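First the structure, in the form of structure tokens, and then the observations on it.
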Amino acid sequence: MPSTIAKVEAFRVPPRWLFVRVETMSGVVGWGEATLEGHTQAVEGALGDLTHRFVGWDADNIQDIWQTAYRARFYRGGPVLMSALSGLDIALWDIKGKKLGVPVWQLLGGKVRDRVKVYGWIGGDSPSDVYNAAVERKSQGFTAVKMNATDSIGWLDSPSVLTDAVARIEEVKRTGLDVGLDFHGRLHKGMAKQLAKLLEPHMPLFIEEPLLPTQPEEIADLSRLVSTPIALGERLYTRSDFRPYLEKRAIDIAQPDVSHCGGISELHRIASLTETYDVGLAPHCPLGPIALAACMQVAISAPNFVIQEMSWKVRYHTLPNQEADLYTYLSHPSVFEIKEGYLGLLHGKLTVSSLSRTLYLMPCFAGPGIGIEINEQLVRETSANYTSKHTPWKNPVWRGEDGFVREW
Ligand SMILES: [Mg+2]
């Protein structure tokens with residue numbers, strides 16, 4: 001039976017997420033996420049264009065819709081168009097899985113692992129701040145965390161800011177957790193190589209965006225300078241953007257974001273491409289529950305998957321009375337329960353008969369589609385209230401002491 005797309009809706013929800021709901025003529029509903037932090041209205045506009053183009057199309061033909069949205073409009077790629085397409089793509093995969101009664105990871109070839117390693121983000125300026133935050137993450141079940149390497153930093157700043165970074169990683173390592181350091185593209189080449197060398201003896205899990213993702217040659221130089229794995233990818237869109245980083249041997253870990261890179265379709269293809277370069281996959285995801293559920297589908301099925309970011313209990317810069325977390329919009333949040341540093345641990349169900357005991361193991365994310373149930377009524381009510389009263393979140397603009405703009 002054809003699944004004609006009847007309706008595409010976007011929901012702006014706190015803290016800074018953009019959900020996409022697609023419904024077919026036969027009443028199957030799929031959810032996607034097109035969150036592009038700080039650019040909500042631009043993505044809403046791009047989604048409006050996709051809606052106009054694809055209502056009436058067959059939702060089963062995900063590849064044709066993806067290729068038409070990408071190729072048939074002359075201009076392509078970039079964060080806005082690709083985030084809108086990502087939201088639509090994830091929702092279409094959710095519909096296909098629900099229609100067939102299987103999880104999306106089954107449609108991607110089945111599972112290659114039973115559980116998915118995750119890490120959480122920690123904030124804090126001082127060594128004691130990050131130590132306490134890491135202890136809290138450990139108590140929540142994480143075995144790995146990520147934190148920013150530096151605060152705002154100039155093109156050539158005082159080397160003292162780099163020794164602070166070393167003190168902070170030493171404190172986090174004391175907890176026994178592994179820690180990735182996100183340079184956030186804040187440093188320029190001179191200080192980035194200095195910091196990478198200083199951190200190397202402390203064995204970070206990886207260093208992320210050591211330079212802005214416009215510098216594949218310079219990042220390749222850094223990769224030859226230190227033994228630390230280099231990660232990057234949240235600001236790359238489609239396989240084409242990853243290509244120079246792979247060909248120049250610049251990265252060890254690819255971090256595409258399922259809500260920016262082209263959805264489940266392209267995340268799956270990027271996983272396959274990066275595998276051929278012996279590069280691991282660690283999908284970027286400081287986003288909402290739909291993006292994480294979409295990442296899980298690829299994480300479960302991709303051979304080179306290594307670790308998944310998740311945003312549970314991240315303290316976003318939210319407005320008063322607009323607190324929302326990874327679990328807020330889920331009908332069954334336990335799907336994202338962390339055990340021993342992993343999501344999707346096989347859950348035991350003990351059935352006792354008169355003569356024997358049988359242990360049935362049911363994998364998490366066994367539900368059809370992307371495996372989560374969205375509380376639609378809450379999304380509708382929250383979005384209507386939020387959209388009428390607030391403008392969407394924007395990142396702060398940083399400037400140095402001389403007034404020149406700095407990378408956030
Ligand atoms: Mg990052």
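The values are calculated or read from the model by the stated rules, or taken from the named source; none is laboratory data. Here the structure is a predicted model, which means the values were calculated and not measured. Don't worry about glycine lacking a Cβ; one is built from the backbone with ideal geometry, like all the others, and counts go over all protein chains shown. Calculation scope for accessible area: heavy atoms of the full protein, side chains included, ligands and nucleic acids excluded. Shrake-Rupley method; radii C 1.70, N 1.55, O 1.52, S 1.80 Å.
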(request) Taking Asp64 as meeting all but one of (1) over 22 Å from the mean Cα position of the chain (by Cα); (2) surrounded by 15 or more Cβ atoms within 10 Å (Cβ to Cβ), write down the number of the exception. (result) (2)
(request) Collect the residues in region 264-276 that are in contact with a strand residue (DSSP E or B) (Cβ under 9 Å, 6 or more places away or on another chain), open to solvent by 10 Å² or more (accessible area, probe 1.4 Å) and of a type outside the set (A, V, I, L, M, F, W, C), keeping them in residue-number order. (result) Glu275
(request) Report, by residue number, each residue of region 151-192 that is over 18 Å from Ala231 (Cβ atoms), buried (at least 18 other Cβ atoms within 10 Å of the Cβ) and out of contact with any helix residue (DSSP H, G or I) (no Cβ under 8 Å at 6 or more places or on another chain). (result) His188
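Let's see how each residue does on (1) within 16 Å of the ligand (Cβ to nearest atom); (2) in a loop (DSSP other than H, G, I, E, B):
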{"residue": "Ala231", "(1), (2)": "yes, no"}
{"residue": "Ile251", "(1), (2)": "yes, yes"}
{"residue": "Ser259", "(1), (2)": "yes, yes"}
{"residue": "Glu266", "(1), (2)": "no, no"}
{"residue": "Tyr277", "(1), (2)": "no, yes"}
{"residue": "Ala294", "(1), (2)": "no, no"}
{"residue": "Arg315", "(1), (2)": "no, yes"}
(request) Kindly indicate whether any position in region 19-39 is assigned to a helix (DSSP H, G or I), in contact with a Leu (Cβ under 7 Å, 6 or more places away or on another chain), surrounded by 16 or more Cβ atoms within 10 Å (Cβ to Cβ) and not assigned by TED's automatic domain parsing to the domain that holds His260. (result) no
(request) Hand me the list of strands (runs of 3 or more DSSP E) wholly inside region 113-206 holding 1 or more residues that are modelled with pLDDT of 95 or more, among the basic types (Lys, Arg) and within 16 Å of the ligand (Cβ to nearest atom). (result) 144-148
(message) Looking at (1) open to solvent by 40 Å² or more (accessible area, probe 1.4 Å); (2) modelled with pLDDT of 90 or more, which one does Val352 not meet, given that it meets all the others?
(response) (2)
(message) Being more than 16 Å from the ligand (Cβ to nearest atom) and either under 24 Å from Leu81 (Cα atoms) or more than 12 Å from the chain's Cα centre (by Cα) (or both): is that true of Ser227 here?
(response) yes
(request) Return only the number of the condition from (1) over 30 Å from Asn375 (Cα atoms); (2) open to solvent by 10 Å² or more (accessible area, probe 1.4 Å) that Pro286 does not satisfy. (result) (1)
